[in-house]
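A.B. asks: If you scroll down you'll find the structure; I have some questions about it.
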Amino acid sequence: MAGKRLNTKKKIDRRLGMNLWGRANSPFNTRKYKPGQHGPTARQGNASDYGKQLKAKQTLKGYYGNIGEKKFRSYYLEAANMRGDTVQNLIGLLESRLDAIVYRAKLAPTMFASRQIVNHGHIQVNGKRVKIPSYAVRPGDIITITEKAKQMPLVNMAMENPERTFCDYVQVDSLAFSATYVRKPSVEEVPYPVPMRPDLVIEFYSR
């Protein structure tokens, strides 16, 4: 399973032509071209408006663990029906996912690992076990991990990783392996390692 997730991340990086998660071992660091026979010599060209919108959508979907199209579109529809700016609403919904907050709290090294930890029942929200990665966490909710998960090497490695910093909108108690979701962030606050264009994602779905 771990190998499958790793291969998925590598494929996403090379397909999008970027180091999407800022990983030191991303294949894009050494092969800055798309996969396939003609990858190294393929013409880049100037993408159409649709092409730019599509890539923006694929980039944002991929970053959050390659969310399925049906679910991702539902986030757009929900964001569009909320009061306020649709772009900010969309990012707020994505960052409110349980797997995203587990990742932000450095309880997992990657979005993919975060999803797996949640799926396996290692995460609790306000003391109750939640096994749904897309679970919508509300401001004030407290996220903790099981005693078993505290002993997992990947959890400890993630917590000790100096390359990742904590976010103001997720308050973390590293000693207790717990986190409190403070509030929904603005787009500017989210520590994306690559430029994100959620505005183009909105344009894609509102065509």
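All of the numbers you see were taken from the coordinates with simple rules; none came from a lab. As the structure is a prediction and not an experimental result, all values here were calculated from the model. Positions of Cβ are backbone-derived with ideal geometry, glycine not excepted, and every protein chain shown enters the neighbour counts.
A.B. asks: Of everything in segment 73-93 that's surrounded by fewer than 20 Cβ atoms within 10 Å (Cβ to Cβ) and hydrophobic (A, V, I, L, M, F, W, C), which residue is nearest to A113 (Cα to Cα)?
C.D. replies: Among those that are surrounded by fewer than 20 Cβ atoms within 10 Å (Cβ to Cβ) and hydrophobic (A, V, I, L, M, F, W, C), it is L93.
A.B. asks: Also, I was wondering about something else. For segment 125-139, give me each residue that is touching a residue at least 40 places away in the same chain (Cβ under 8 Å) and either touching a Ser or Thr at 6+ places or on another chain (Cβ under 7 Å) or among the aromatic types (F, W, Y) (or both).
C.D. replies: Within segment 125-139, A136, V137 qualify.
A.B. asks: Mind checking which residues of segment 157-186 are among the aliphatic types (A, V, I, L, M) and more than 22 Å from Y135 (Cβ to Cβ)?
C.D. replies: M157, L175
A.B. asks: Just one of the numbered conditions (1) within 20 Å of G68 (Cα to Cα); (2) among the small types (G, A, S); (3) out of contact with any helix residue (DSSP H, G or I) (no Cβ under 6 Å at 6 or more places or on another chain) is not true of S114; which one?
C.D. replies: S114 satisfies all of (1) within 20 Å of G68 (Cα to Cα); (2) among the small types (G, A, S); (3) out of contact with any helix residue (DSSP H, G or I) (no Cβ under 6 Å at 6 or more places or on another chain) except (3).
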